[in-house]
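Report on one structure; see the data block that follows.
The values are calculated or read from the model by the stated rules, or taken from the named source; none is laboratory data. Here the structure is a predicted model, which means the values were calculated and not measured. Because the Cβ atoms are built from the backbone with ideal geometry, glycine has one as well, and the counts that use them run over all protein chains shown. Heavy atoms of the whole protein, side chains included, go into the accessibility calculation; ligands, DNA and RNA do not. Shrake-Rupley method; radii C 1.70, N 1.55, O 1.52, S 1.80 Å.
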Amino acid sequence: MTDAPALSVILPVHDEAENLPILWKEVVEVLPALASSAEVIFVDDGSTDGSAEIIRSLARQDSRIRLLRFEKNAGLSAAFHAGFQAARGRIVATLDSDLQNDPHDLPALVARLDGADAAVGMRLIRDDSLVKGVSSRIANGVRRAVTGDPVQDSACSLRVMKRECLSAVPPYTGMHRFVPSLLKMAGFRVVEVPVHHRPRKFGRSKYGVGNRALTAFVDLLAVRWMMGRRLRYRIAEETPPRS
């Protein structure tokens, strides 16, 4: 991995054709402040609106862009996992492609890695519909009660982490919602950083109360089960290997 970039940015995409040129312009603006070298991995999750062709066009203009395209829609957890598997950077950053995450928040997150293994975004003011905002607050409250994890905004996709953190995220549907809890469970140091949240300009949200409430709760129970079953031990004595 001698030619590996210092930073990998993972951008899951599902029908975001109108947002992609704007997003790429913003990412390009911020990359010099993040690392000496970078790759940007767009993971096209079965888009049907021409998103893949737009990414190919951008890639012809900038060699830092890589495209992973699924045969069909597999979901956000799968998109993140595929990006994690493909990433080569020592630091890995993630954010959504719908322009609601602001790439200009990434430098503040990267700066916090001096004292932590991962820095996760915390959307203090959300520019969502009333129903979506209330449902998110309820979901975060239930998650904190069930897991005991005080993280305020577990599902925020705007995150940066050291490469070794990737091993803590299992390849299961729904795990993208609980990355901070999973990292803490594995012993990594996680800090929250306030970030901006912007209204959606183009396209439509793929998630609502009806299509995620029950599945998110089932996923939460799975995480709680993993927390209860994790191995706990301390080595009191170890004989070193003989030469």
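Between residue 114 and residue 196, with labels modelled 7 Å along Cα→Cβ, what's the label distance in nm to one decimal, could you check?
2.4
Identify the chymotrypsin sites (Phe, Trp or Tyr not before Pro) of the stretch 1-105 meeting these criteria: DSSP loop state and at most 13 other C-beta atoms within 10 Å of the C-beta.
Those that pass, being in a loop and sparsely packed, number zero.
Enumerate by residue number the trypsin sites (Lys or Arg not before Pro) in the stretch 36-131 meeting two conditions: DSSP loop (anything except H, G, I, E, B), and at most 10 other Cβ atoms within 10 Å of the site's Cβ. All intermediate terms of the calculation are to be shown ahead of the outcome.
Working: sites: 56, 60, 64, 66, 69, 72, 88, 90, 112, 123, 126; in loops: 64, 72, 88, 90, 126.
Here the trypsin sites (Lys or Arg not before Pro) that fit, given the DSSP loop and packing criteria, are 72.
Could you report the stretch 1-70's accessible area per residue, 1.4 Å probe, as an integer in Å²? Don't skip to the answer; put the middle values down first.
Numbers: 3160 Å² over 70 residues.
Per residue, the stretch 1-70 has an accessible area of 45 Å².
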